[in-house]
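First the structure, in the form of structure tokens, and then the observations on it.
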């Protein structure tokens, strides 16, 4: 009996290991080239398992791709080159089809990416993560680490597809824009995307948009002393366009530097010039906002959009993406900006207003959408912020000046009430997009302002 008990599918799902499936795959390839020896297929499946067991210790969970690699090896080494060729061609065709389907479904329509949402929902249903009830059932069965793995795999596959699409554009590209609303995971995704593209021989030069903020004294302030950094008008769009045109033309641009401690900008702080084989990489809330890059030809830009497209239903309604991002930003603001979570809640109406005006209406311009939602994040948030949401639900009830804060706090409190808390985040990988918010991960480059 094999010492493997489970296998990881491409979707990230962890399913029971079944030797018969290997035999069936080999047999299908043999039939395609005229073979009909079922017994030989069964023998080869045994050989595949033997090779896997020699390579991995007991308790190891192989990925489907690993198994398929060993199938190819076993077929060739045992004199079945014709069957191996058919198996390889079939495997390659399936991979291409999956990639094409993902790209078509990830292209947005109007202001709501319906096709992408359908794929995310289909994935959630197949993993019993489309309802909070299903999530809780799996947690009770001790499957939290599996949920983490499945969620991370789905996200990484999206990043892989984006990297492939970028690589295909090659030298025609001058600018890659990673865009999306606040706390959608742009910093981590930009880092992961850059690493993949380096492996493909593409060089990237980051341009930090935060350096184009106007001085703080130039921003309007509300009655609570809160500044609105969320609008694209907080950025010097004219200077951004001037510098982008210079850089794309191969000229030198003098990039400013913004000091968040003093709230002031130093002009012409850093010289920047793109080499012929370099691409400008921009991580920005407003990367899809037309005035941001209006001076650059469309074929010179690749526009990527991120959103936690959670497809999970609670007792009364689906979990709202904006509430997920609100919690993410609460946790990150507390760590990186010394903002209390309550301050982030009170500021969120600025965030949402700017999103509705300047970000969401332009998502249909994206070349690809990445879903950064992790179904397992809700149990972690329940353990971290539930008591505070309960306090805000009571504190802001009936306060006309804090109606927005109350609405969001009350709705999120009701949602978290349904979720089983998980305090231990050790199953979460150090480079997960969630580490950008919950902390405890490997260091990533980039701004954490938004």
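Residues that are more than 27 Å from residue 123 (Cβ to Cβ), assigned to a helix (DSSP H, G or I) and at pLDDT 85 or above are absent from the range 29-38 altogether. Going by the conditions given, is residue 17 touching a strand residue (DSSP E or B) at 6+ places or on another chain (Cβ under 9 Å) and on the phi < 0 side of the Ramachandran plot? Taking the combined requirement at face value, the residue satisfies it.
Here are 322, 270: which of them is touching a strand residue (DSSP E or B) at 6+ places or on another chain (Cβ under 6 Å) and in the same structural domain as residue 239 (by TED's automatic domain parsing)?
Going through 322, 270 in turn, just one is touching a strand residue (DSSP E or B) at 6+ places or on another chain (Cβ under 6 Å) and in the same structural domain as residue 239 (by TED's automatic domain parsing): 270.
The condition (being outside any strand (DSSP E or B) and surrounded by fewer than 18 Cβ atoms within 10 Å (Cβ to Cβ)) is satisfied by just one residue among 291, 271: 291.
When the residues of the range 1-28 are filtered to those that are in a helix (DSSP H, G or I) and in contact with a helix residue (DSSP H, G or I) (Cβ under 6 Å, 6 or more places away or on another chain), the one that is modelled with the lowest pLDDT is 27. Of the candidates 372, 432, the single residue that is more than 30 Å from residue 263 (Cα to Cα), touching a residue at least 60 places away in the same chain (Cβ under 8 Å) and in contact with a strand residue (DSSP E or B) (Cβ under 9 Å, 6 or more places away or on another chain) is 372.
Close Cβ contacts (under 6 Å, 6 or more residues apart or on different chains) running from residues in the range 271-299 that are touching a residue at least 60 places away in the same chain (Cβ under 8 Å) to residues that are part of a loop (DSSP other than H, G, I, E, B) and surrounded by fewer than 20 Cβ atoms within 10 Å (Cβ to Cβ) comprise 279/173; 283/446. If you go through the range 134-162 and keep only what is exposed (fewer than 15 other Cβ atoms within 10 Å of the Cβ), closer than 23 Å to residue 316 by Cβ and without any contact (Cβ under 8 Å) to a residue 12 or more places away in the chain, you end up with just 137.
When 390, 366, 373 are screened for being in contact with a helix residue (DSSP H, G or I) (Cβ under 7 Å, 6 or more places away or on another chain) and crowded, with 22+ Cβ neighbours inside 10 Å, only 373 passes. If we scan the range 214-226, do we find a residue that is under 22 Å from residue 361 (Cα atoms) and at pLDDT below 90? No, the conditions are met nowhere in the range 214-226. Within the range 246-260, being within 13 Å of residue 210 (Cα to Cα), free of Cβ contacts under 8 Å to residues at least 12 places away in the same chain and not in a strand (DSSP E or B) holds for no residue. Based on what the data block shows, is residue 278 more than 22 Å from residue 405 (Cβ to Cβ) and out of contact with any helix residue (DSSP H, G or I) (no Cβ under 9 Å at 6 or more places or on another chain)? Spelling it out, residue 278 is indeed more than 22 Å from residue 405 (Cβ to Cβ) and out of contact with any helix residue (DSSP H, G or I) (no Cβ under 9 Å at 6 or more places or on another chain).
One residue stands out in the range 68-82 among those that are touching a helix residue (DSSP H, G or I) at 6+ places or on another chain (Cβ under 8 Å) and outside any helix (DSSP H, G or I): the one that is farthest from residue 54 (Cα to Cα), namely 80.
Conditions tested, residue by residue: (1) part of a helix (DSSP H, G or I); (2) in contact with a strand residue (DSSP E or B) (Cβ under 8 Å, 6 or more places away or on another chain); (3) under 17 Å from residue 180 (Cβ atoms); (4) not assigned by TED's automatic domain parsing to the domain that holds residue 321.
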site	(1), (2), (3), (4)
355	yes, no, yes, no
388	yes, no, no, no
409	yes, no, no, no
422	no, no, no, no
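The values are calculated or read from the model by the stated rules, or taken from the named source; none is laboratory data. It should be emphasised that the depicted structure is a prediction, and the values quoted were computed from it without experimental measurement. For neighbour counting, all protein chains shown are included, and Cβ atoms are generated from backbone atoms with ideal geometry for every residue, glycine included.
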